[in-house]
Every structure is written in C-alpha cells, then in structure tokens.
1. Against the globular-protein guess of 2.2 N^0.38 Å, express the Cα radius of gyration of chain B as a ratio, rounded to two decimals.
2. Calculate, for A:Asp140 and A:Val50, the FRET efficiency according to 1/(1 + (r/R0)^6) with r their C-beta to C-beta distance and R0 30 Å; round to the nearest 0.05.
3. Can you give the FRET efficiency for A:Ile99 and B:Ile6, using 1/(1 + (r/R0)^6), R0 = 56 Å, r = Cβ-Cβ distance, to the nearest 0.05?
4. Express the relative contact order of the range B:1-71 as a whole percentage, based on alpha carbon pairs under 8 Å and six or more residues apart in sequence.
5. Treat each spin label as a single point 7 Å out from the Cα along the C-beta direction, and report the A:Ile370 to B:Ser69 distance in nm.
6. If I take R0 = 41 Å and measure r between the Cβ atoms of A:Thr397 and B:His260 in this structure, what FRET efficiency does the formula 1/(1 + (r/R0)^6) give, to the nearest 0.05?
7. At q = 0.15, 0.16, 0.26, 0.27 Å⁻¹, work out log10 I(q)/I(0) for the range A:295-371 with the Debye formula, treating every Cα as an identical point scatterer and leaving solvent out; two decimals please.
8. Hey, which aspartates and glutamates would be in cross-link range of B:Lys81, C-alpha to C-alpha under 16 Å, not counting anything within fewer than 8 residues on its own chain?
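Computed from the coordinates by the stated procedures, all read-outs in this text should not be read as laboratory data. In this text, all values refer to a predicted model and were calculated from it rather than measured experimentally. Heads up, the Cβs are rebuilt from the backbone with ideal geometry, glycines too, and the neighbour counts pull from every protein chain shown.
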Amino acid sequence: MNKPEPIKSPGKPEDQPLSLYAKREPVFNRRIDGKFRRLKWAIMVLCLAVYWITPWIRWDRGQYSPDQAVLVDLAHRRFYMFGIEIWPQEFYFVAGLLIMAGIGLFLVTSAVGRAWCGYACPQTVWTDLFQHVDRLFDGDRNARQRLYKAPWGPRKIARRFAKWTVYLLISFATGGAWIFYFADAPTLQREFWTGTAAPVAYATTFVLTMTTFVLGGFMREQVCIYMCPWPRIQTAMLDEKSLIVTYKDWRGEKRGSLKKAQKSPGEFGDCIDCDQCVAVCPTGIDIREGPQIGCITCALCIDACDRVMKETGRPRGLIDYATLEDAEREKAGQPPTRHLKLIWRPRTILYFGVWCAIGLGLLFMLGTRIRTDLSAAKDRNPPYILMRDGSVRNAYTLRLRNMEGRPRQMDIAIEGLPGAVMWTEDMDHANAARTLVRTVPADETQGVRVYVVAPADTASQEFAFTLQARGDARERDEAEVNFDSPFTEER
Amino acid sequence: MANKRIDEATNTETVGHEWDGIEELNTPLPRWWLWSFYATIVFSIGYVVAYPAIPMVHSATAGMLGWSSRGELARDLGAQKNERSKIVAELAVTPIEKLPGKPALMRAAVAGGAAAFKVNCVQCHGAGAAGSSGFPNLNDDDWLWGGDLAAIEQTLIHGIRQPGDKEARTSLMPAFGKDGLIPADQIQDVTSYVLSLSGKEHASAASRRGAAVFAANCAVCHGPDGKGSRQFGAPDLTDAIWLYAGTRQAVSEQISAPRHGVMPAWGTRLDPVTIKMLAAYVHALGGGETFAPQTQPQTQAQTEPQAEATAAE
C-alpha cells in the first residue's frame, strides 16, 4: 500500500486532525441573464416539455394496438414509438439506439465539449429548475446565504417547508410522469388517482419522486462531481481541441479591482476580481482555476463576465468558450480557429461516420424487416410414432408470429418430405393436407401443434415448414426441422 | 498499558499497542456505517419478535405474526385449489362424452391430465406416453380396448385384468404351446400365417397350413381376418403395431405361452375428475378416436370365459 499523502485542508492549521470527508459548501448561485442563460432556458423548457408531453401524444394504430405514440408495454412485451413497433426479439433496435446515444455523446463531447452536461442532462435541467425555486422562495444569492446561516425559527421553518413542498410537487410530477411511458397514460392517470393502479406504478412513482427530491433538491452538483461517471470519462476524451469554458488568464491576470487599476494602469489585467463568475456558477466552482471536473460548461460565468466587461468598458470574452489550442493562439496574437474547423476534424468525422453508419443500418433493417415469423419445435419424446398402417407420425409445435396490427390469414405448408400430410389437434385427421390455413390474431403469436404423418418406409430426413402471410409475397418465413422415423434409407 | 499517541504522518491517534515497532491507527468506523449497523440490530430485534427465529429442541420460536413457510405453502396451495375449483366442479358434472363440445374445459382437462399422467402413469407408459414392450404406446391410433374418451375412461377406472374389480377389462389367451393345445409344428405354421397377415412374411406353404389352424383356434377372438376384437382386447394382427415384438420368435412365443399385461384400476386410487382429465389427456395425444356408437365400451368382457386368444401382439 502506498502511504497516504497528507491532505492539506486549505485555511486550516496543519496539526488539526485530517478528514477525508469534504463537507459540502452550499451553492447559492446568483441570477444572471445573458445569451447562454436564455439558451439554457430554451433547452430546459424543451427537455421538460418533451418529458411531460410525450406520453400524452396519441398515434392511431388501428383497433388492435394501443394508440399511445411512445409506449413501453412491458406487460405485453411491445415497444411502440410512433410508427415503429418493436418485439422483444427485435431488441437490437433498442440496443442500436443506445449505442447511437453513446456514440452521440462522444460526438457531442469531441465537437462542443461538455454540452450535454451543461444543457441537456436531466440532473442539470432539474437542478436548474430547483435553483429557480430557491430563488423564488428565498431570494437571490445573498438572501439565501443569510437565510442559510440564520438560526432555525418560525420564519425559516415556514420558508423551508414551503420550498420543500414545491420541491416535492415538482419531484412528484417528475416521478409520476415516468410511469405514463409504460401504460396507456389517460387510463393509468385515472387509475392512479382512484387508487386502482398497479402497485408497481405507485412504487415507481414514490422511488422516482424521492430520487428527484434528493438528487435535484439537495445533492445537485455533488452528483456531477462524485457520482456520475460521465465527467470522469470526459476528462479522458477532452483534448486541446475540445471546446471548453476557458478563463483567459493571459488577459485577466493579474487581477485587480477597478480602483487599483485606475491607480496604477498597466499593472493589472482585465479581471477585476469581482467574483461574479463564482457567484453565478451552479456547481460553485471558480473557473479561473482552470478546467475542472466540476465545470459542466453551462457558460453562465461567460454571461456574468461579459456583462461586467461591458459595464467596465472592456472587450467581452475574458471567460469564453474556447479550445486550449485557441487560447494559446489568442495569447500569441493569432486569430482564433474558425468555428467550422473546430467541429470538423478527424475525430468528430469518425464519430459522425460511425454514428451515421449505425443509424443507416438500423433504418435499413427497419425498412426491410418482415412482420411474419415462424418457429418450430419438435416433440422429442417420443421422437416418432408408428401408426397402424405403418405410416410414421411426428409432432411439432409451431409458433406463428403475426407482428402486424391486424389479423392475417397465413398458409402453413410442408416443404419436402414427399407424401407427408399434416393436421392439427383441433381438426379431423381425415382433413389432413400439405397446407393449412390459420388466421393469426393481430399482433400476437399463435401456438399450433401439428401432426405430420409420412407414408410407410419414409426415412429420417430434414424438411421445412413455411409460413406465408396472404397478400404479400415478402411476408414469408420458414423453419427447418427433422423428421424422425424408425426406417432407414436402405429399406 | 496502552501507550496512545498521535501518529505524525496522518494526525490520527493510535490504539496504543505496539508489536515490533508496528502500531495500529485508531480509525473509527464511519458514522453512517455505525448507524446502519445499529439500525440492523434494531431491525433484528423486531424480526426475532415477529418471525420464527430462535431454534429450540424440536422447533423454533413461533414469532408473533404466526408466519411459517409451511403455512405459506398451504396458503398458496389452497389458493391454487380455490382457483381450480370452478373447473373441477364443472368437470365433475360434465359427462366425458360432452367434453369435446366444451373446448375451454377440454383444454383445462388435458392440461390437468398431463400433470396427473406424470405422477401416476409414466412409470409404465413412459414420460412421452410412448410405452415400451408390453406397455402400449398411447400416442398411436391402435387401441386394444377402444380409443374414444369413454372407453379410455372405462379402462382407467377399472383397469385391465385387475384382480378384484368385476368390471375390469379381462381376457386370457390360452397358452397354446405350453399347455399342449397345438403341436409345436402347427405353432410355427400359425406364426407364419400371422406374420403374413401384416406383410411381414410372404405367403408360403407353412402360412397356408397355418391359416386352417388360425381359423380353428384363433379366429374366435382375433376374428376370421385377424383384425382383432376390442370386445376381448384382442389385438389387430394385420397392422404394423406389435405390443411385444413383431419378430417371428416373439410372435411364436406369444402363441405358445402368452404374456398378459395388467393395468391397475385407478378408480379406487384417483378421484373421478382426475381420471376424466387423464382420459382427456391420453385421448389428446394424437390417436384419440371420435365417438361412434359402435365403439361403446364392452363392460361385460370378463363374462366371456371362452375368450381365448388375446394380447398376442
């Protein structure tokens, strides 16, 4: 074992007992307005709207299928997404989407840095929402700080109670909305309020309400810093060409207030050390310390700094989206790289290429997949039955899969096995034939047990069942099976 | 005694013991861990009070909730039985002839029969009901005593050659060779004839001689054309299925000293509903016959002492 290096807590005397536990410094981020804040608003509204509205969108699929546009029907093992219906055995579509989402994250990270963290991550969106609730109840940064330090009294209790109630309402709306993706939303809503919904609906709502309440209301940036693996992965993915929020220290240092700068011009940089960038930061970091894991690149500090620069009559962009490479170029007095060039480079092209290839592959499979499927399982005990007239009977369980949202007539046929005929349990042996017609209900799998009887002296061999949905020649599937017999070829 | 001191490198107190210069830091458990531990203790006290926990000599403490795994099983079984009771009640009042007219009930009966078959019947007839030498294959379309639902039910209730059951299906094929009823050479002749009936051997002088022996001794039960008789459980000698074996040796042995299978009368062991379900299952194995009045079970079979050749195949 390595000897643990003594950790020095800043501002504490050396001889104080050392703790590996860093107490959370509460974040009271100041309200700020600016172009990135407005972008953040827009994305937040969009994300929340998508989350809350999606389950309520209706999509007509005819009388046999649910009319919810996006539905994960676990009970019936179907996944509906607008015009697409996925059966469990087609789960590779979902896997493909997940891979695309993963590569999409890589693509976004290599193109525009931690944009996901800063704008679209649910943790960011909900934390942002809860911080606005804070502001609504307790006022802006200073007021919240005062209230935090104030002793518990009736006023503080009342305020906290009211605020946490709103937290809880938002959390409940969040957790409650989740379940609507898994059942018919209007029905489930009715059942939910009348107490007749499935217990799992209540349990899920409760668990997600509590996680939203705790993660969004209290843990906030700690999730990003301590719990989430994604920032750690990103540290490995970012390079000198990645867009990150950069404090241009060559321009800002040495920091000095306006007064000092006026007293001795030329000695100080553009940073007036007003700490506005720290005040507005939702994760409570100081961006001037350089790139760090706590920075989700939400760019609120850019908004704050730009305003200060404007007020003090200095050029904007002391803190700005910039690659490390560009920061160096700018320092050396060269023009920054063009935006397109920042995004269009081998790494992003590679990610984009892979991403597109998977997407096109999925689309191709989606376009060419058929909605008819046949599988056959042979009875193995006994493998064959000798009949009175010397003919040989084998039994099979066929599963006819009609993956379309309407009942379809399908022809089952024997391919190969000369002279063989088949019949099913529910029909008369006398009507045995080489083809049978079944109507398979909409969006269902029908199990059919068939007896295949081949003339005396038929040897063991392979043959196939074919399933052909009427009306479309492409909708055909076949299943190869063995036919067992006591007779051998020689006879 | 313990010589506690503060370790310089880590600022942590030592426990105060030293072994050859090695000391141990006194690192208390994390608070959350400690409280979780206390919580589990509190939980365990509640658990011990509520549930069976402390083992005694013969049993364990009962717990205030009165829960036991045996009781839970009984409750589950009771619930299952309750769920089945409607089907069982309907089966009990439905005559087996009416079963094909109620597909849902028939399906339930077949499913129940499959379970009962695995418990009671597989020992002789095999897991796939394919039987073995001397134990009939129930999947095929060859029935010694009748293959419609009522005939199968009758066979199940009273058994075959079950001593003590007056309605059991009974027949006895004489030991033609062992008891000297037919001379040995004629037994070979009649074997040739029997084998020629199903095409296993070609007609020959021996089989032609055997035909006369057959007409005199065997046709009473097996019929003049060898097609057998369900009245006596006499097998059809013209088909491809042989209860024992279709070889020359096996057939001549069966004529000379026949073996007779016995099936227990399940009416004394199983309830009528289970038997009905078993009949439905066996009937559904692929060889069941549909009802025809002429194949009604012959319940007076045992009153035919003159019934001779039987169970030969």
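1. Its radius of gyration relative to the 2.2 N^0.38 Å reference: 1.82.
2. Once rounded, the FRET efficiency stands at 0.50.
3. 0.55
4. 15 percent
5. Placing both labels 7 Å beyond Cα along the Cβ direction yields 5.1 nm.
6. It comes out at approximately 0.65.
7. -0.74, -0.79, -1.17, -1.19
8. Straight-line reach from B:Lys81, under 16 Å: B:Glu72, B:Glu90, B:Asp271.
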